[in-house]
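Let me begin by presenting the structure, written as structure tokens, before commenting on it.
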Amino acid sequence: MRRWLLTIWAGAVLASTAAAENWPQFRGPRRDNIARATGLLRQWPPDGPPVRWSLDVCQGYAGVAIHGDRVYFNDYSQDDNEWYVRCVTLDEGREVWRYRTTQRIRPNHGITRAVPAVDDKYVFSLDPKCVFYCLDAQTGQELWRKSFVHDYGAQIPPWYNGQCPLIEPDRVILAPGGDALMVALRKDTGDEIWRTPNPEKWPLSHSSVMPAELAGVKQYLWCTLFGPLGVAADDGRLLWFHPRKFNVAVAPSPLPIDGERVFMTAGYDAGSIMLRVSRTDDQFTTETVFDLGGEEWNSEVHTPILYQDHMFAVGKKRRGLFTCLDLSGREVWTSQNHASFELGSFLLADDLFFILEGKTGVLRLLEANTSEYRELASAKLLPGHDAWAPMALSNGKLVLRDMTRMICIDVAAAPAAAASAAAATRVAGVSFVAPPDHRAGEPPARPATPPYRLVRTIAGQGSGPAQFAEALRGIAVDSAGRIHTVGDSAVKVFSPAGELLHSWNTARPGHCIAIAPDGTIYVGQAEQVERFDACGNLRDTWRDPQRLGLITAIGFAGDEVLLADARARCVHRYDQKGEFQGDIGRPARGRGLQLPSGVLDLTVDNENVIHVTNSGRHRVERYTTAGELLGHIGRFDGRDPAGFTGCCNPTNLAITGAGDIAVTVKAPPGVKLYNTAGQLLTVIGPDSFDPACKNMSIATDNQGHLYVVDTVRLHICVFAPEPAALGPPVADAPTNQGVQP
Amino acid sequence: MKPGGPLTTSPSPRRHRTTLAALLLLTLGGTPLLAQHQYDYHRPVEAAPSEADIGEGYVTPVVQYHPPRPQWHAALDVGLLAAALLIGVWLVLKRRSRAGLLALAGACLIYFGFYRQGCICPIGAIQNVAAALTDPDALISYYVIAIFLLPLIMAVLFGRVFCGGVCPLGAIQELVLLKPLRVPNWLDRPLRAVKWLYLLLAIWLATRSAATGADSDPTFTRDFIICRFDPFVPFFRFAGPTYMLLIGGGLLILALFVGRPYCRYLCPYGVLLSLLSRFSWRSVNITPDKELDCGLCADACPYGAIKNLRAERSTCLYCARCFNYCPRHRVRDRDPQPSTTTPSD
Amino acid sequence: MNEPQTRRELLGHAVRGTALLGLGGLGALLLRRADAEGAWRINCDLCINSRLGAVGIEACELCASQCVLPLSAVRAVNDHARCGRCYICPAYFDVKSAIDERGLPSLKLCPRDAIERKPIGWIDPDDPANNYYEYTIDEERCNGCGKCVLACKEPAGLSSIRLEVRHSLCLDCNRCAIALACPHAAYLREPPRPSEAAR
């Protein structure tokens, strides 16, 4: 049977179909949702295919386009009211550029929707408010834009724009509704080549334009709420229109079957229709081949895939069964009794179907055949709901997403040639979004981390001068190894061996202590920060009851002093004079840091990247000093030892000299050491601490020791890595000395 | 010979009253044991827009909520039932007043019948009790237990006072009775057996498993046929299936001439009451003081409850008609003081 | 003469005592299963109008048609916290009806016109199709037919409309006609959910 000839027009994309085919637009290079990949895995490892990277994205259904090693997609920031087109690398998910424009878009079943269309030079994207952008593919600069509303008098459809632009070698095709049913624009300038008038003012819905050759004439197919239509490709005249009512919104696009038939399905009880388009001379006529009512079969959101003269799509009945239909509309097989997919997306590659379960995020791999449902593998890689966005496959990597998270997985047999030399491993919840100058990607090769051993304890509970009576909260270690502690209403300084050097009182109970590069000692308290010189003389007090709540950590970045405020749930930036500069981590919406533990800890690494504990979200977040979120490590996971459990963990953190991140957790208390990639290096178990400990402050020195505050026994545990233990254990150490990592 | 029949009315000692009170408390007290039925009607709410997104200070309205019927309604009903039973006892056994009983029956017909529309009643409660005893998932409310047990307890103590003054179904038949015909014995006996069959059928159907949806299809699902074939509730509601209105109407027309046909031949609760009242501690004594054996009361009872010139406890429906037929009653009415002299015979 | 009477009396007391004990025992047995607040309720996980997976069916209207009352005691209610506040609500509009010039369906779904639609929040004048609307069901008009419940079901809606029994109207029949008619055993005598009990 003659296959419909879309390939004639997919031009540039075909040139590189061999091994690494791009996915340059919605539904792939030929707009048929089929990837010409080979050598894909037919079996997956028990945990599923390896996840190369994952990103947090704004709520929505915006799939990606892939060109070369770049991935392009739409995103949005609800905190800043900015709409983005982002470009990240395919191998690592590292951001290359981000185009941003201010747009207030309120969520209406998600925000972002469409897939950009890209080629070597340009990136074309439609935003939810029907503004069409042409960006430079290398830099993300905006070249020109058009607005459906202002330029064509269209109305933004309910639930925002879902149409994905269609690119041809020299033009881009859009269907704006309003004054023009369809327009062809020049890629470089955006000038109109032709437009199809819209006398009936058919409104814009969510369907995308599909190229086809029907009755020997190249045309573009589109569907409105009043029926599908075909427009001539060369000059945009309306060739045919088949009146058939569709309800509310049309999300799927017309599917050309062969040179004469078109299949159109839609949601909201609209059913499906197969029509035949024929031509006599210049007159086109259409007739209905069959019409399935709403109770029979329809696909709500996704356009079916045509393969071996059968159509494959997820239907509506029984929570979304993946159905194989023959060309007469008869159901050949469904996934009944096996799986239901709600509104999940699907893709065909290498005779394999990849289908997402919309509700759960489970990805299923099916063998593509026309006789039965045969599942080869399945994996749960995405957390959750509304995994409806279209997927994209290129170079052996599949990019998929659910409502809020996007991941890239390796589905090819051999890992495709990638920038990174190390094999991709499954990393727990790591986000690699960073500006190009930030160190990200694979950690450098290093020897295995030695376990830690408790070497001594310092201070303790009591009323003596070297002891604490009620509370021991903060700790900092200066460059000479002197241990500064704060608790009750006093600061006590100990030598590395544990002898009390001196102490002084503070006006209020101190919650944290930090030593500035110039030697000033900062003590964070409720509503204020006191600054002392190295001998303990009070220099000044920064008091601000309006702004400062409870300062639980202090750090220094450049000239700025960073105060972590657990009550305001953000980090305040002050300069050396005590002038307020700004906040970090406090978005306009009130999201951001969640601190059920009541403690916010921060530390600054050598590159002035600020690490904070977002304990309610079970991760450590990284910010620039400007307040931009770079990424995070850690995730909630009860089974994986690298994950965090409980309501709020980790509570405190410190960074070792080697750049590793040491965090303390509670219930049960312990210390965990991670590298910057989020891989767990070692654990110091609960035996070293009182089981009721929580919010244990931690500090490091430049010799690799870890100092952890036991908040119940009111002493400081000093841990050293095994081969470099400092001296014999002290006689009055707690009885459970044998610490194991 | 000492005056008075085998059973004389004597003032009940206090301990019987306290026993009654204790039993009432037993049935009404107790801690609630809520069944663990939780519905997991759960949809993701993240897809709904937040108030901040909607803007302009919009506040999501609270969903319309209607609380369940307050419990004191049901408690009041139980209390009124207990009170009506006790008043009935006093009216019939102590005051021996037909007029008073009619007034009580009328009041109960209005309250329990037309106002509460006859539901829930002790007759139907048989089914609830049967279901609750056999099905671990069936629930029964405290008040239904009390409504079921109170008339039975009174039957053990005082006889079928429920039938006489309280039951609205009985009251409606009582009030329409014009000219009672006597039902001959050969008809009366087998008809009385119909009650038994009805009771057994009702219990059997009430203990079947409840309908569990389209998947399973037991031949007989649980059906409360006493409620379904209740002849007078459609009158109380002024609505109901046509066939029941016809049956109820037919029974009422029959009740013009035959005394309380439903109560005597159909009521399943009457089976229980008749069993328990057989040994009641106190019962209707037709004569106020001494037995004359004159036989003038023999035609008094429209329900055939006078056998051998005595009120048969299991069939006596406490209607208080017979008192006025007794000559001793008229003597007492004329002469308010109770007679203390013994007649010669 | 007294002895037979005493013996009969004793027998009578014994029988009565046994009977009372038996009734008391029955009462105690029943108390163990007793629940004070059971009332007729609709289980939305079983109700075919709400249950996921059943599509292409007509709304089950038994709740409206079977109740012995002239106007059924069942009402539909929209849970506003879950409602999507969409411009085109599939429960408010009959989505199959013809589209008018604003792009909205021309007919309403509710046969008794019981749903009220009002715009809420900040209205964006440039984007009329993406403003939010609040949908409330008027309890005076609704008869619990369930059409809106079915229409609001996923994926067209967010399943925020459900059917509830109004206990102030329900006669609390011992033999509820709706419960017997419900083909999915979704109408049951149940205690209130904890969220209701908390109010």
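For the reader, a short list of remarks on this structure follows.
- Residue that is surrounded by the fewest Cβ atoms within 10 Å (Cβ to Cβ) [pool: residues in segment B:186-201 that are free of Cβ contacts under 8 Å to residues at least 60 places away in the same chain and more than 20 Å from the chain's Cα centre (by Cα)]: B:Trp186
- Among residues of segment A:138-167 that are within 14 Å of chain C (Cβ to nearest Cβ), those with a beta-carbon under 7 Å from a residue that is part of a helix (DSSP H, G or I) and at pLDDT 90 or above at least six positions away or on a different chain give the pairs A:Ala154/A:Phe148; A:Ile156/A:Val149.
- Looking only at residues in segment C:69-90 that are buried (at least 19 other Cβ atoms within 10 Å of the Cβ) and of a type in the set (A, V, I, L, M, F, W, C), the one that is nearest to the chain's Cα centre (by Cα) is C:Val74.
- When the test is whether a residue is in contact with a Pro (Cβ under 6 Å, 6 or more places away or on another chain) and surrounded by fewer than 20 Cβ atoms within 10 Å (Cβ to Cβ), A:Asp79 passes it.
- One residue stands out in segment C:106-128 among those that are buried (at least 21 other Cβ atoms within 10 Å of the Cβ) and more than 14 Å from chain B (Cβ to nearest Cβ): the one that is nearest to A:Val131 (Cα to Cα), namely C:Leu109.
- Of all residues making up segment A:262-300, the number that are surrounded by fewer than 24 Cβ atoms within 10 Å (Cβ to Cβ) and in contact (Cβ under 8 Å) with a residue 60 or more places away in the chain: 3
- Residues of segment C:91-102 that are outside any strand (DSSP E or B), hydrophobic (A, V, I, L, M, F, W, C) and surrounded by 15 or more Cβ atoms within 10 Å (Cβ to Cβ): C:Ala91, C:Val95.
- Segment C:132-151 - residue that is at the interface with another protein chain (Cβ under 10 Å from one of its Cβ atoms) and closer than 18 Å to C:Ile42 by Cβ and, of those, surrounded by the most Cβ atoms within 10 Å (Cβ to Cβ): C:Ala151
- Residues (part of a helix (DSSP H, G or I) and basic (Lys, Arg)) located in segment B:151-171: none
- Segment A:348-373 - residue that is among the hydroxyl-bearing types (Ser, Thr, Tyr) and more than 14 Å from chain C (Cβ to nearest Cβ) and, of those, farthest from the chain's Cα centre (by Cα): A:Ser371
- Within the set B:Ile110, B:Ile120, the sole residue that is out of contact with any Phe, Trp or Tyr (no Cβ under 7 Å at 6 or more places or on another chain), among the β-branched types (Val, Ile, Thr) and assigned to a helix (DSSP H, G or I) turns out to be B:Ile110.
- Residue ranges of strands (runs of 3 or more DSSP E) in segment A:475-534 with at least 1 members surrounded by fewer than 16 Cβ atoms within 10 Å (Cβ to Cβ): A:500-505
- Candidates A:Arg244, A:Arg186, A:Arg171 - the one that is within 24 Å of A:Gly267 (Cβ to Cβ) and in the same structural domain as A:Asp291 (by TED's automatic domain parsing): A:Arg244
- Subset of segment C:49-67 (residues that are part of a loop (DSSP other than H, G, I, E, B), in contact with a Gly (Cβ under 7 Å, 6 or more places away or on another chain), modelled with pLDDT of 80 or more and not charged (D, E, K, R)): C:Asn49, C:Ala59, C:Cys60
- Within segment A:314-347, the residues that satisfy the criterion of being within 14 Å of chain C (Cβ to nearest Cβ), within 16 Å of A:Pro252 (Cα to Cα) and hydrophobic (A, V, I, L, M, F, W, C) are A:Val314, A:Leu343.
- Of all residues in segment A:38-61 being within 21 Å of A:Asn395 (Cβ to Cβ) and in contact with a Gly (Cβ under 6 Å, 6 or more places away or on another chain), the one that is farthest from the other protein chains (Cβ to nearest Cβ): A:Trp53
- Residues that are of a type in the set (Val, Ile, Thr), in a helix (DSSP H, G or I) and either more than 11 Å from chain C (Cβ to nearest Cβ) or surrounded by 23 or more Cβ atoms within 10 Å (Cβ to Cβ) (or both) occur in segment B:202-211; there is at least one.
- Applying the condition of being aromatic (Phe, Trp, Tyr) and assigned to a strand (DSSP E or B) to segment A:241-272 and asking which residue is nearest to C:Ser106 (Cα to Cα) yields A:Phe241.
- In segment A:234-255, residue farthest from A:Ser278 (Cα to Cα) [restricted to those that are away from every other protein chain (no Cβ under 14 Å) and within 38 Å of the chain's Cα centre (by Cα)]: A:Ser253
- Failed condition for C:Asn131, given (1) within 15 Å of C:Glu164 (Cα to Cα); (2) touching an Asp or Glu at 6+ places or on another chain (Cβ under 8 Å); (3) of a type in the set (S, T, N, Q): (1)
- If the condition is being closer than 12 Å to C:Asn130 by Cβ and crowded, with 24+ Cβ neighbours inside 10 Å, then segment A:123-155 contributes A:Pro128, A:Cys130.
- Of the criteria (1) surrounded by fewer than 24 Cβ atoms within 10 Å (Cβ to Cβ); (2) within 26 Å of B:Ala83 (Cβ to Cβ), which one B:Val161 fails: (1)
- Comparison of B:Leu81, B:Leu85, B:Leu91, B:Leu24 shows that the only residue that is surrounded by 15 or more Cβ atoms within 10 Å (Cβ to Cβ), modelled with pLDDT under 85 and in contact with a helix residue (DSSP H, G or I) (Cβ under 7 Å, 6 or more places away or on another chain) is B:Leu24.
- Leading residue by the ranking (nearest to the chain's Cα centre (by Cα)) among those in segment A:83-101 that are over 22 Å from A:Ile409 (Cα atoms) and either modelled with pLDDT under 90 or among the hydroxyl-bearing types (Ser, Thr, Tyr) (or both): A:Tyr84
- Figure legend. Inter-residue proximity from segment C:173-199: first residues over 20 Å from C:Arg51 (Cβ atoms) and more than 7 Å from chain B (Cβ to nearest Cβ), second residues part of a loop (DSSP other than H, G, I, E, B) and at pLDDT 85 or above, beta-carbon distance below 7 Å, spacing 6+ or different chains. Indicated pairs: C:Ala177/C:Gln66; C:Ala177/C:Cys67.
- Restricting segment B:222-241 to residues that are in a loop (DSSP other than H, G, I, E, B) and at the interface with chain C (Cβ under 8 Å from one of its Cβ atoms), the residue that is modelled with the highest pLDDT: B:Phe224
- Scanning segment B:127-150 finds no residues that are part of a loop (DSSP other than H, G, I, E, B) and more than 10 Å from chain C (Cβ to nearest Cβ).
- A:Lys317 passes every criterion in (1) within 27 Å of the chain's Cα centre (by Cα); (2) over 24 Å from A:Arg30 (Cβ atoms); (3) not hydroxyl-bearing (Ser, Thr, Tyr) apart from (1).
- Odd one out for A:Pro641, checked against (1) surrounded by fewer than 23 Cβ atoms within 10 Å (Cβ to Cβ); (2) under 22 Å from the mean Cα position of the chain (by Cα): (2)
The values are calculated or read from the model by the stated rules, or taken from the named source; none is laboratory data. Keep in mind the model is a prediction, meaning the values are calculated, not measured. All Cβ positions, even for glycine, are placed from backbone atoms using ideal geometry, and neighbour counts span all protein chains on display.
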